[in-house]
1. I'd like to verify a number: residues in the stretch B:11-42 that are part of a helix (DSSP H, G or I) and within 8 Å of chain A (Cβ to nearest Cβ), how many?
2. Sort out for me the helices (runs of 4 or more DSSP H) sitting completely within the stretch A:39-129 that have 2 or more residues that are surrounded by 23 or more Cβ atoms within 10 Å (Cβ to Cβ) and away from chain B (no Cβ under 12 Å).
3. Give the number of residues within the stretch B:183-208 that are closer than 23 Å to B:Phe252 by Cα and crowded, with 19+ Cβ neighbours inside 10 Å.
4. Kindly indicate whether B:Pro219 is buried (at least 16 other Cβ atoms within 10 Å of the Cβ) and within 14 Å of chain A (Cβ to nearest Cβ).
5. Are any residues in the stretch A:13-26 within 9 Å of another protein chain (Cβ to nearest Cβ), open to solvent by 10 Å² or more (accessible area, probe 1.4 Å) and either closer than 18 Å to A:Ile65 by Cβ or outside any helix (DSSP H, G or I) (or both), and if so, which ones?
Amino acid sequence: MRFVWPLIWFVVLAALQLTVVPMISIGGGIEPNLVLALTVFYGVRYGKITGSVTGFLFGFVFDLISGGLLGSSMFAFTIAGFIAGYYFKEDDFANLYSFNFLFILLYAATVSLFIYALIVYSNINTNIVTLFFERGILPAIYTTIFGLPVLFLKPKDVIR
Amino acid sequence: MSKNFFELKEYLVLAVLLIVSLALLPFNENPQVKNLRTYAFGYFAFVTESVSEILDVLQPSEKLKKEKKINGKLNLQVNLLREYGLENIQLKKMLQYYDTSKYSLVTAKVVSRLFGGGNGNLILNRGKKDGIETAMPVVDEFGLAGIVTDVSNDFALVRSIRNSNLKVAVVDQRSRVNGVAEWNGSGLVIKNIPASADIQPGDRIITSEFSTIFPPTIPVGIVVRKEINVNGLLGNVLVKPFSFPSKENFLFVVKYIRNEQIDSLKLNLFLRK
C-alpha cells in the first residue's frame, strides 16, 4: 500500500498538470508544477533518499507521458526531492504542515525549475538571469501557491 | 561512523540517479525510446482525455468548432492567394511550385499539453487510425502550430512551434528573405540574418518552399523587430507567432503529402535517422 498512494496522487496531479494547468498559465508559459510540489512533499515527509527516488520515478514517467525531453524532469525532480529531504525530521512534522513547507517548496522549486530550464534551453543562447527569473523564480512562486493546501492537512490526515 | 555512512549513501544514491537522468538525455531520438514514449503517452492520454471531457463545459460548442475549422481553411487559402498575388507581381514562374491548394485538415482535440519551462508539446486525440503520420504539420485557425513527432493508434504527439527543438524554414512574404525560425523561450527568432536584409517590422513570415518538412506558405508570424549584432554584419529577427497552441482546445492536422522525390534524396532532415 505504501507505493499505491504516491502512484494515485501522481496520476491525478499529472493529469491535472497536462490538462487544467496550461489554462491558468500566465505570461507565456509561467505555470505551477503540481508533480514537483508532490515530490517536495514526499521529500520533506520521508527524507533525502525517498525524495530523490520519488522525484526520479515521477520525472521519468512524467517525461514519457507528457512528450517532454526524457531525462529533463527526472533530473530536476530528483534534485527537488533531495533538497526537500534535507528538511525531513523524524517523528516531527514541524516542516511539513506549517509555513516552513512553503519556504522549502519555494526553494526546491526555484532550484529545480531553473535547472530544468537550463537543460531544456541548453541549445539556445539565452540570458541566464532572465532564465532564472522567468523559468525559475516566477513558476516556483506560482507552484508554492499550490502548496498552500498542505497547511490545512493535519498530521493524521497525511497524504500517504 | 554509521551516520556518516548513511549520509554518504544518500549522496551516492543522488549521484547515481542524476547520472542516469543525464545519460538518458542524448537518447531522446533513439527509436526504442520513441517507441516507449509512444506507448506511454498513448495510454496516459486516455486519462487526460477523460479529464478533458469533464472540462468540456468550458470548451467551444460543435458549431464554433466547425467555424474554427472553416476559419483555419480560409486562413490557409487567403495566405495562399496572397502568395500567388505577390508572385504574380514579381513575375515569378511557378513551374516547380508545390501543389498546396488541396489542404486536407483533420480536426483534433488537444487532450494534453506541456508548456512548463516554455517548451511546448501537445497530445491530440487523433492517431494512425485517422491517417495521421509523423511529420505532418499542425495548424490552428491563425497559422502554424507545430509538427507531429510521434503517433500511436489513437493519439499523436505534437512538438509545438513554441519548442526550442523545432526549427522552421521560413521566408519573409514581402521581400523573400529566407531564414530559420526557432523558439527562444519567449518568442520566435530568425538568427544570423544579414544586417542589410530587407526585413521590416510588420512583415508576414510564412513557411518557405525550401522546407523539407512543412508545406510552403503556412503563416508563421509577424516581424516585431530586427536586432543587429555588435559586429554590425548579422542580426536576429524577432517574430511574434500567429498561433498560440497552449490555449487552443482544437487544432488541425494538415494531411500534407511530402514530395517523394525529395524524401528519396534523403533531404528530409526530420525523417533522417
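1. Of the stretch B:11-42, the ones part of a helix (DSSP H, G or I) are B:11-27, B:31-42.
With the extra rule that they be within 8 Å of chain A (Cβ to nearest Cβ), the set shrinks to B:13-14, B:17-18, B:20-25, B:27, B:33, B:36-37, B:40-41.
The number of residues fulfilling the criteria is 16.
2. Numbers: elements: A:48-66, A:72-85, A:99-120.
Filter on the stretch A:39-129 gives A:99-120.
3. If we filter the stretch B:183-208 for residues that are closer than 23 Å to B:Phe252 by Cα, which is where we start, we get B:183, B:187-188, B:204-208.
In the following step, the residues that additionally are crowded, with 19+ Cβ neighbours inside 10 Å were identified as B:183, B:188, B:204-208.
Counting residues in the stretch B:183-208 that are closer than 23 Å to B:Phe252 by Cα and crowded, with 19+ Cβ neighbours inside 10 Å gives 7.
4. On the way: buried (at least 16 other Cβ atoms within 10 Å of the Cβ): yes; within 14 Å of chain A (Cβ to nearest Cβ): no.
No: the conditions fail for B:Pro219.
5. Step one: of the stretch A:13-26, the residues within 9 Å of another protein chain (Cβ to nearest Cβ) are A:14-23, A:25.
Those still in the list that are open to solvent by 10 Å² or more (accessible area, probe 1.4 Å) too: A:16, A:20, A:23, A:25.
Hits for the stretch A:13-26 are A:Leu16, A:Val20, A:Ser25.
To keep it simple, each residue is scored yes or no on (1) in a strand (DSSP E or B); (2) touching a Pro at 6+ places or on another chain (Cβ under 7 Å); (3) more than 11 Å from every other protein chain (Cβ to nearest Cβ).
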{"site": "B:Val110", "(1), (2), (3)": "yes, no, no"}
{"site": "B:Arg113", "(1), (2), (3)": "yes, yes, no"}
{"site": "B:Ile123", "(1), (2), (3)": "yes, no, no"}
{"site": "B:Arg126", "(1), (2), (3)": "no, no, yes"}
{"site": "B:Lys129", "(1), (2), (3)": "no, no, yes"}
{"site": "B:Glu133", "(1), (2), (3)": "no, no, yes"}
{"site": "B:Val138", "(1), (2), (3)": "yes, no, yes"}
{"site": "B:Ile147", "(1), (2), (3)": "yes, yes, yes"}
{"site": "B:Asn153", "(1), (2), (3)": "no, no, yes"}
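The values are calculated or read from the model by the stated rules, or taken from the named source; none is laboratory data. Everything numeric in this text was worked out from a predicted model, so none of it was measured. Because the Cβ atoms are built from the backbone with ideal geometry, glycine has one as well, and the counts that use them run over all protein chains shown. Side chains are part of the model used for accessible areas, which takes the heavy atoms of the whole protein and leaves out ligands, DNA and RNA. Shrake-Rupley method; radii C 1.70, N 1.55, O 1.52, S 1.80 Å.
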